[in-house]
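Since the structure comes first, as structure tokens, the remarks are kept for the end.
Read the figures in this text as sums done on the coordinates, not as results from a lab. As the structure is a prediction and not an experimental result, all values here were calculated from the model. Cβ placement follows ideal geometry from the backbone for every residue including glycine, while neighbour counts extend to all protein chains displayed.
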């Protein structure tokens with residue numbers, strides 16, 4: 001019995017590589033946030049310290065889920081695994097919970113200004129793109 005495999009185009013590999021880089025940067029940012037010491041906090045402006053104090057423990061957990069699952073999904077995508085689609089979905093859902101809390105509950109723009117919304121919007125956009133792209137890759141049978 002032979003199985004045929006649909007070879008993905010070069011754009012798939014480029015997007016996979018960029019997804020890995022993007023998501024590893026997210027994991028590194030998460031680790032950096034976890035490693036902030038009291039000395040580093042003391043050096044931050046008071047407004048930023050007060051803003052950080054508004055985030056509950058669960059939001060840090062959701063941040064970790066978003067970044068780590070995103071990195072795992074990107075790796076799975078590069079290995080052409082169908083599971084990547086579902087793991088990107090988990091990552092995006094975690095991102096949406098985290099960003100909803102940041103934007104609408106903590107109201108980060110009220111403290112840091114409207115430009116502080118740019119990066120969260122980019123993060124959400126990339127998450128939506130990667131989920132949609134893996135759905136497209138599933139339809140094209142690039143993932144197995």
How far apart, in nanometres, would the label points at residue 61 and residue 6 be if each is projected 7 angstrom from Cα along the Cα-to-Cβ direction? 3.9 nm
With the chain treated as a Gaussian network of Cα nodes joined by springs under 10 Å, which of 26, 113, 70 yields the largest mean-square fluctuation? 113
Inter-site label distance for residue 82 and residue 50 at 7 Å from Cα along Cβ, in nm: 5.2 nm
log10 I(q)/I(0), Debye, Cα-only the range 20-74, no solvent, q = 0.15, 0.18 Å⁻¹? -0.49, -0.67
Apply the Kirkwood formula to the range 1-47: the hydrodynamic radius equals the inverse of the mean of 1/r over all pairs of different alpha-carbon atoms; give it in Å with one decimal. 14.4 Å
The answer for the per residue Cα convex hull volume of the range 1-120, in Å³, is 120 Å³
Place a point 7 Å from the Cα of residue 144 in the direction of its beta carbon; the residues of the range 83-124 whose amide N falls under 17 Å from it are 83-85
Within 10 Å, count the other beta carbons around each residue, average over each peptide in 46-55, 97-106, and list them highest first. 97-106, 46-55
Counting pairs of alpha carbon atoms under 8 Å apart in space and at least six apart in sequence, what relative contact order in percent does the chain give? 28 percent
Starting from the Cα-Cα distance between residue 122 and residue 93, subtract it from 0.36 nm times their residue separation and give me the gain in nm to one decimal. 8.9 nm
